[in-house]
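The values are calculated or read from the model by the stated rules, or taken from the named source; none is laboratory data. Predicted, not measured: the structure shown is a model, and the values here were computed from it. A quick note on method: Cβ atoms are made from the backbone with ideal geometry, for glycine too, and the neighbour counts reach across all protein chains shown.
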Amino acid sequence: MMMLPAGEDRNLSYAGVLAAFDYAIAQKARIINCSFTLSVRTPLLYQRVRKAWQQNITIVAATGNDGIDIEQNPRYPAGFGEVIRVGASTSQDEIASFSNYTSLAPFMVAPGENIYSTAPQGYAWSSGTSMATPYVAGLAAQIISRYPAINPFELHRRLRQGPYVRNYPKRGFKPTRVDGYRALIRLENWHVSSYCNRQRQQNRPFANSGQQGIDGSSREKAYTLCNASQLFAIKEPYMDRFFKLMADIDMTHYNYANLPGNIGGFDQQSQVFNGVFDGNQKSISHYRFDRPGFSGSGLFRHVGPQGSIERLGLYDVFVNGGDRAGALVGELNGRLEFVWASGDVSGIDRVWVDWWAKCATRKGRIDSIGSLRVCLSVT
């Protein structure tokens with residue numbers, strides 16, 4: 001562990017911050033903890049954050065202590081997309097009143113109220129997101145020590161295994177409080193997919209496209225998927241083919257402006273999925289679809305009579321649509337088997353919160369574990 005000074009007498013130095021980043025990168029650090037904030041976005045700082053991220057260095061940064069939304073009032077380096085943002089939580093698993101917050105993922109909270117820590121004269125009780133950030137960085141270090149090959153995207157997914165905070169002020173996003181026990185215990189049975197190597201990740205339209213004998217005509221010849229770009233490549237003329245998900249997909253970092261948004265398209269003549277989608281007991285997390293009034297909102301716009309989706313989990317989904325809205329499917333005429341989800345769905349009419357029951361409310365929360373699916377109304 002390297003303790004790098006970035007100023008003197010608790011006064012932050014911009015030049016000191018840059019020098020500390022340069023040294024940490026040169027020494028091939030795996031994690032950089034930033035218990036500070038800057039209110040100005042600077043190209044030199046971003047260059048270093050980007051360089052660290054490209055070298056598989058995880059950056060954990062405090063959001064600040066102003067009690068504000070940093071999407072409206074940015075703070076850096078927490079405002080950069082390559083950074084894990086950390087707010088402060090209380091002993092009641094609520095976000096602390098002083099903590100800054102955001103709906104920009106990755107964002108999580110950690111204990112930051114009345115923390116006994118080092119001080120200039122020894123030890124003292126203190127509060128702030130600077131107290132919270134080292135909890136996340138420390139847990140990340142434990143995970144990396146056990147799985148040295150894990151990358152920042154996969155690491156973040158493990159860090160978010162804790163409980164949701166209770167009083168989060170922003171709709172459509174719910175951060176979790178870091179939980180070392182859950183992250184480390186669940187990690188024991190989780191491995192990075194060896195199938196989805198760099199070549200298959202970059203292959204288009206699907207991971208095994210071009211492989212001899214692969215045409216999607218059967219389960220044995222199914223097209224395989226390793227990332228969101230390949231997932232959203234499911235469109236005509238592939239809407240009646242077989243697909244198999246080969247890795248968990250975390251959509252936190254995907255730019256929705258460059259993706260179709262859902263499988264089925266935004267045009268008036270929606271494409272109907274009549275193929276077979278085998279989730280392979282994998283999951284898709286942080287899927288967002290925010291198009292109020294859009295008919296057929298969900299990951300799949302319309303699953304036809306011959307269509308089938310199976311063995312798939314959705315986590316932290318947020319769908320805000322119109323008529324026929326659902327987490328996984330906007331309009332369902334086919335089959336769903338062994339699927340589960342958690343998140344929020346809202347629409348105008350015919351809102352599918354659970355795939356076996358229509359809720360009378362216009363808003364609903366999906367809350368399901370295993371084969372138990374409960375339809376809950378939300379006020």
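For G64, which of the numbered conditions (1) touching a residue at least 60 places away in the same chain (Cβ under 8 Å); (2) surrounded by fewer than 18 Cβ atoms within 10 Å (Cβ to Cβ) fails to hold?
Every condition holds for G64 apart from (2).
Within the stretch 73-93, track down each residue that is at pLDDT below 90 and either touching a Phe, Trp or Tyr at 6+ places or on another chain (Cβ under 9 Å) or within 21 Å of S39 (Cα to Cα) (or both).
Listed by number, the residues that qualify are G81, E82, D93.
Quick check on the stretch 68-85: of everything there that is without any contact (Cβ under 8 Å) to a residue 60 or more places away in the chain and in a strand (DSSP E or B), which residue is nearest to S130 (Cα to Cα)?
In this case the residue turns out to be R85.
From the list E220, E236, pick out the single residue that is under 20 Å from R311 (Cβ atoms) and assigned to a loop (DSSP other than H, G, I, E, B). Before you say what the answer is, go through the steps one by one.
Numbers: E236 fails: under 20 Å from R311 (Cβ atoms).
Testing whether each residue is under 20 Å from R311 (Cβ atoms) and assigned to a loop (DSSP other than H, G, I, E, B) leaves just E220.
Looking at the stretch 1-59, which of its residues are without any contact (Cβ under 8 Å) to a residue 12 or more places away in the chain, in a loop (DSSP other than H, G, I, E, B) and in contact with a strand residue (DSSP E or B) (Cβ under 7 Å, 6 or more places away or on another chain)?
Once the filter is applied, which keeps residues that are without any contact (Cβ under 8 Å) to a residue 12 or more places away in the chain, in a loop (DSSP other than H, G, I, E, B) and in contact with a strand residue (DSSP E or B) (Cβ under 7 Å, 6 or more places away or on another chain), the stretch 1-59 yields only S13.
Hey, can you tell me all the residues within the stretch 298-313 that are at pLDDT 80 or above and closer than 24 Å to A105 by Cα?
Hits for the stretch 298-313 are G298, L299, F300, L312.
Here's the yes/no breakdown for (1) crowded, with 24+ Cβ neighbours inside 10 Å; (2) not in a strand (DSSP E or B):
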residue	(1), (2)
Q271	no, yes
K282	no, no
G293	no, yes
Q306	no, yes
I309	yes, no
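Of all strands (runs of 3 or more DSSP E) completely enclosed by the stretch 88-180, which ones contain at least 2 residues that are over 20 Å from the mean Cα position of the chain (by Cα) and exposed (fewer than 15 other Cβ atoms within 10 Å of the Cβ)? So that I can check it myself, show each step before the final result.
Details: elements: 107-111, 115-119, 122-126.
Hits in the stretch 88-180: 115-119, 122-126.
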